Every structure is written in C-alpha cells, then in structure tokens.
Amino acid sequence: MPKIVIPTALRQYAGNTAAVEVQGATAGEVLASLTSQHPDLKKHLYDANGKLRSFVNVYVNDEDIRSLQNENTPVGESDDISIIPAIAGGAEPLPDLTKDEIARYSRHLIMPEVGMDGQRKLKAASILLIGTGGLGSPLGLYLAAAGIGRLGLVDFDVVDHSNLQRQIVHGTKDVGRPKIQSAKDRLSDINPHIQIDTYETALRADNALDIIKPYDIVIDGTDNFQTRYLANDASVLLGKPNVYGSIFRFDGQASVFYPGGGGPCYRCLYPEPPPPGLVPSCAEGGVLGILPGIIGVIQATEAIKLIIGQGEPLIGRLLLFDALKMKFRELKLRRNPECPLCGENPTIKELIDYDVFCGITPPEPAPKVEVVSDWEVTPAQLKAELDGGKKLTIIDVREPHEWQIGNLENYGSRLIPLGEFSSRVGELNSDDEIVVHCKMGGRSAKAYGVLKEAGFTKIRNLKGGILAWADQVDPNLPKY
Ligand SMILES: [Zn+2]
C-alpha cells in the first residue's frame, strides 16, 4: 500500500505516528483515506471549501503534486507520499500583531501573498543564522526588518577592519567587539519587536543539535567546510530545512537542502569535502564585497518563502551566480539514494568529527614556548639574520596583486608566484640560502616542497607569512 509520511507538526493529529499506510490510486484518494483514518487532520489539510490548504504541499516521491496533476496525480503501491506544511503556522495558533507591528509591516500586509496571516507566520517563525559575517549581515538585516519573531546568531569571531568591506551589519565603531554583540545591537535597532538569541561559540559537534533544535529553519552563512557539513548533518538529523549559500570572488551558490521536503542534502551534492588547501577560502582568495549581499538576500528570500508557504522554493535546485557575467544559472539537484545521511540506508546517524572528515588537524593547544620546526624561520629570527648581514634569497610566492599591497623588496625579495614556481625553479641557485614566503605560510610550504623535490637543501619557510612579519617586525606593512 502507498505510505504517507506525516510531518512532526501534524503527528499529534494522526495518532502520533510518523507514517500511515493508506489506500487509493491518486493523491486525492490517499489523502481522503488518511483523513478518514485520522479525522482530526482534516481541518489542517483542507480549508472550509474542501480545498487543499495553500500552505500544505504534497509530494509523491520527490515531486510536488502541483507540478504533476494535483490531486489527480496517480499513486502506485510503492510510492511515498509526503505532506510538507509551511514551516511555521501549521498547527499552532498564530500570534496576533500589535498596532505598531501592523504599521511597521504595512507593505507586507497589503500583498495578498503575505497579508496578515503571512506576517503572523513570520512573527511565529524562528531562524538560526550560523555566522554573522558576509552572508549573515544581509540575512540578519533583512530577516530582522521582515519581522521574523526569533533570530538566533551563532559566531565566535570579533569584528576586524578587513570585515567591513562586506559585513555590513557591523560598523567601524564595532571593530574589536564580538560580532554577535555588534549584530544584535544593529538588528534590535532595526526591529525592537523581535527576539534575538546569541550564541558566542563556534558551532561544534557537541553543541550543534542543542543550538539548532529550537529553530524552524537553519541558514548556513559559514565560510569553512567543517561547519558546512556539520550544519547540514545536524539539520538533516533534526528534520530542519537548511538554506545554503556560498561565495568566492565573483561566484556564488544558493540552494535549500531539505530531505524532509523532498529534496537532497549538501552531502547529496558534495559527498566529500575537497582536500584541505585545494579550495582557497575567502581570506586567501578574496571575495567581491557585494557578492555576499546578493547571495545572502537570496537566502533570506528563500527562508521567508518557506515560512509563508509561497512560491517555489530552491529545494532540489542549485542556483549559480556569476557577478562578472551578471548571469544566474540553475542546476537540478537530485537526492542521492546512496547518500550516507539522507539516503535509503543511512550510515551517519549522529554527528561526527568534522575536522577529521575534512582532513584538518585541529590546532594543538598553544605551547608556552613557540616551537619552530627546522624548516621554518620566524619573522623575528629572519629579521635578526638580515640585520646581521646574512646573505639570503627571499622568494615571495604570492600573486602580483598581493605583492602590490606590500612586500619585502627592501630585503631583496623576488616574486615567483606559486603557479609558475615549478617551471621557474631553474632561476634559483641551490647553493644559496633560500627563504620562501606567502601571505600566511600555506602556499610557501608548497613551494618549499617543490624546491626540496628539486634537490635544494638550504631552504626555509617564513612561519606565518608576511602577515606574521607585519605583526611581529614591521607594523607599517599593510595587512590584508
Ligand atoms: Zn543527502
């Protein structure tokens, strides 16, 4: 017999069962069979005229019946039918709006797609924002302004000057403050009617489920793969939609991962993270400051559509944005039946160690005495050697546009970008003592490996790169 999966919010009206076997050959017939077994469900699924309520979506397997033949959609013996109510505003009575709120939200209230009911759903809704940085800034600003009743902010970072080019929820006066404090102040000023919860912590495997649980929707505004997989896994395990966005230089992506809503999860799209170092972060590769604005606003739009139950969500679709071409493209995403998390035989049933999964060695507790391996040189030591007149060949393996920001040319440094390094090794003399450096030490470690391979022995890597040099030796050197 076909089976109907009952969403958590409606289970209390269906004898607290998660799935009900039903009879019928069409979507309409199986729903009729369901409501005859559980009459209490009827008023939640149908309006007074016997029409399926607009905020109730019915899926046959992965397809919304509205894209098929509505209630006439044929249903086979082995089909799974899912009922997906809009996220908030299913079974619970909706909160009323005060006179002040009605005035504030009037441009929403006069739109039939939102109206009083939609605005009350927004007030009833809760959203967790993971990260209050580039994506979290526009997300927080617009979701607060839209009247989302409860916003949770997770971040452990403090505002830095280099954030202000894109993290528009923070101001210059906030530099040095915890981001969640700065964001909370700004969002409360935009809308004092909403509740803002702050979690000054990194999202980790041991706190993610507790933090996410009270919220209707998770929005992923993270900038690293560990947190991205963690947010995905925790959302799937808790049955929450996860509104995804990511940005790099001029390119952005957005989607809604919601296996409970018939779509795939992040692991269906990317089963495994790239090896560490292969995909540069925004801190290494840069990002156009406006880009998180565009992608974050798309994420906020999707969250609001999910809550008011309007339009077609980005579930099962990956939106790709190219700011240079000013083009959007869309890919269809399918749920992977073999997905270890949301597939048919899941192997991931609890949160795992995401540093290990992403191939990242967790930082060791800070040693009291700084340990420098023999292949590294600290900025202070390098400075002392140079001041002492030691003859060193300093090679900068960054890109030319990074060299222009600041460099060690005064010490005879030369630029050989990492991408050209292998083919230009011949320009170097293995009799010389060579020090390689980049921005933070990662790329130059690769150059070190190239030299070692080529038979060089007198090579060292500048520990912490030119940023550490700026911190420890030359405070006049611009940091980026
Ligand atoms: Zn999956």
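Rule-based calculations on the coordinates, nothing more; no lab input. Please read all numbers here as calculations on a predicted model, not as lab measurements. So basically every Cβ, Gly included, is an ideal-geometry build from the backbone, and we count neighbours across all protein chains shown.
Most simply put, the chain has about 50% antiparallel DSSP beta bridges, counting only bridges with both residues inside it. Once backbone amide H atoms are built at 1.01 Å from N, Arg460 has Ile434, Val435, Val436 as its partners under 5 Å, excluding neighbours fewer than 5 places away on the same chain. The convex hull drawn around the Cα atoms of the stretch 288-331, when projected onto a plane and averaged over every direction, covers 3.3 nm². Annotation: aspartates and glutamates with alpha-carbon distance below 18 angstrom to Lys51 (same-chain offsets under eight excluded): Glu29, Asp40, Asp64, Glu71, Glu113, Asp117.
Extension gain, Asp197 to Asn72, is 40.5 nm, computed as 0.36 nm per intervening residue step minus the present C-alpha separation. Once the C-beta distance of Lys325 and Asn16 is scaled by a Förster radius of 56 Å, the resulting FRET efficiency is 0.60 to the nearest 0.05. If the reach is capped at under 17 angstrom between alpha carbons, list the aspartates and glutamates near Lys463, excluding any in the same chain fewer than eight residues apart. By straight Cα distance, Lys463 reaches Glu284, Glu364, Glu370, Asp374, Glu376, Glu385, Asp396, Glu433, Asp471, Asp474.
Two decimals is fine: what is log10 I(q)/I(0) at q = 0.06, 0.09, 0.11 Å⁻¹ for the chain, from a Debye sum with one equal scatterer on every Cα and no solvent? Scattering profile of the chain, log10 relative to I(0): -0.35, -0.71, -0.96. Annotation for Asn429 and Asp157: the two label points, set 7 Å from Cα along the Cα-Cβ direction, are 4.5 nm apart. In this structure, the pairs whose alpha-carbon distance is over 24 Å, taken from Lys390/Lys458; Lys325/Lys439; Lys173/Lys213; Lys305/Lys332; Lys121/Lys184, are Lys325/Lys439; Lys173/Lys213. Please check which bits of the stretch 383-404 a label hung off Asn476 would reach, taking the label as a point 7 Å along Cα-to-C-beta and the cut-off as backbone N under 20 Å. The answer is 383-389, 403-404, whose backbone nitrogens lie closer than 20 Å to the label point. Shape annotation for the stretch 376-472: C-alpha extents along the principal axes are 31, 29, 20 Å, from largest to smallest.
At 37 °C and 0.692 mPa s, what whole-number value in µm²/s does Stokes-Einstein give for the translational diffusion of the stretch 26-161, with Rh from the Kirkwood sum over Cα pairs?
Working: Rh = 17.7 Å.
Approximately 186 µm²/s, per Stokes-Einstein.
Ellipticity at 222 nm from helices only: DSSP H runs of n ≥ 4 in the chain, each -39500 (n - 2.57), divided by the residue count, give -8500 deg cm²/dmol. For the stretch 1-80, taking Cα atoms only, Rg and Dmax work out to 11.6, 31 Å respectively. Of Ser33, Ser78, the sequence from fewest to most neighbouring Cβ atoms within 10 angstrom is Ser78, Ser33. One equal scatterer on each Cα of the stretch 99-357, no solvent, Debye formula: the resulting log10 I(q)/I(0) at q = 0.09, 0.16 Å⁻¹ is -0.38, -1.26.
From the C-alpha gyration tensor of the stretch 255-364, pull out the three semi-axes of the equivalent ellipsoid (sqrt of 5λ each), sorted largest to smallest, in whole Å.
25, 23, 13
Each peptide in 467-476, 394-403 was scored by the mean count of other Cβ atoms within 10 Å over its residues; highest first, the order is 394-403, 467-476.
As a rough guide to protection, the peptides 109-122, 428-441, 304-317 ranked by mean Cβ packing within 10 Å, highest first, stand as 304-317, 428-441, 109-122.
Taking all pairs of different Cα atoms in the stretch 290-425, averaging 1/r and flipping that mean, what Kirkwood radius in angstroms comes out? Walk me through the numbers on the way to the answer.
Working: mean 1/r = 0.0462 Å⁻¹.
Averaging 1/r across every pair of different Cα atoms and inverting gives 21.7 Å.
One decimal place: the segment Ala145-Gln165 gains 5.0 nm when fully extended, by the rule 0.36 nm per residue minus the C-alpha distance.
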